[in-house]
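> One structure, as structure tokens, below. Some questions next.
Nothing in this text is a laboratory measurement; each read-out follows from the coordinates by a stated rule. Bear in mind the structure is a predicted one, so any value in this text is a computation, not a measurement. Note that we place each Cβ from the backbone using ideal geometry, even for glycine, and neighbour counts take in every protein chain shown.
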Amino acid sequence: MISDEVLGMFELSNDLLFGRIPEDKYRYYVEEPLRLGREAAEKVKGAGGIFALYEEAGIEIIYQEASGENYGVSFRAQSEYGKDGSAKVLMYKQSIAELAKHSCDYVIGEEEALAVHHAFIIWVSQREIKDDRTQPYYSHGFVSDYLEPVQLVKLFGRRRQAGILRCSEIAAHAFAKEMMGLEILPNYYDYTWLMAGGKLRREDFLEKARQFEEMVRMR
């Protein structure tokens, strides 16, 4: 089975600043968000389930019959935020059903729940203003705010830094895995969907997993 760290590398490699991460820091930028996601799940387990957390946080869930595809990318859920602090999550039933069809062991209800879990922790990690509804999960800012920034190219003689935003996605996957009791990090199902649709060759996926396994061992 592919490890959480390797699947975390798949996510990390999609960050716009991936090329700025030193090779000996790959493991750090994977393991830390995985830890944060797991810890967030532990803090809310037994709190009445994910939908109770949504209600407590005041997040509205809206179901859309259509696909969430946009510019060739298929979204299962998207978050929207109001200037007044309100939030809602759009759930795309057609996209969820597509993923469920290629996810082997999981039925449509579980795929829907997986998307809901993922969207919830992304909402928590991306709120600019923290209040008593989000304090139990993260006390401030993005997941990347907890991690060391990467160094960017100097501009006008000044050194710049930036966070790795994909760390929020890695934490969200870890949160969903723990809350749902999954055996594998859920972004794996994105790749089974791509392979089933002929958009990714299985041998290419496995070769990339092998490369990431070696990369994540670097210290």
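> Could you calculate the FRET efficiency of residue 17 with residue 55 from 1/(1 + (r/R0)^6), where r is the beta carbon distance between them and R0 is 41 Å, rounded to 0.05?
Values: r = 36 Å, r/R0 = 0.87.
So, using R0 = 41 Å, E works out to roughly 0.70.
> Okay, moving on. Starting from the Cα of residue 213, step 7 Å along the direction of its Cβ; do the same at residue 151; then give the gap between the two resulting points in nm.
Each label point is offset 7 Å from its Cα along the Cβ direction, giving 3.3 nm.
> Starting from the Cα of residue 165, step 7 Å toward the Cβ, then list every residue of segment 2-19 with an amide N under 15 Å from that point.
12-19
> So, one more: Which net charge results when you count Lys and Arg as +1 and Asp and Glu as -1 among the other residues whose beta-carbon is under 12 Å from that of residue 34?
It works out to a net charge of -4.
> Let me ask something additional. Let me check I've understood the local charge: for residue 160, count other residues with C-beta under 11 angstrom from its C-beta, Lys and Arg +1, Asp and Glu -1. What total comes out?
Within the 11 Å Cβ shell, the charges total +4.
> Determine the distance separating the Cα centre of segment 140-209 from the Cα centre of segment 1-60; give it in Å without decimals.
Value for the Cα centre distance between the two parts: 8 Å.
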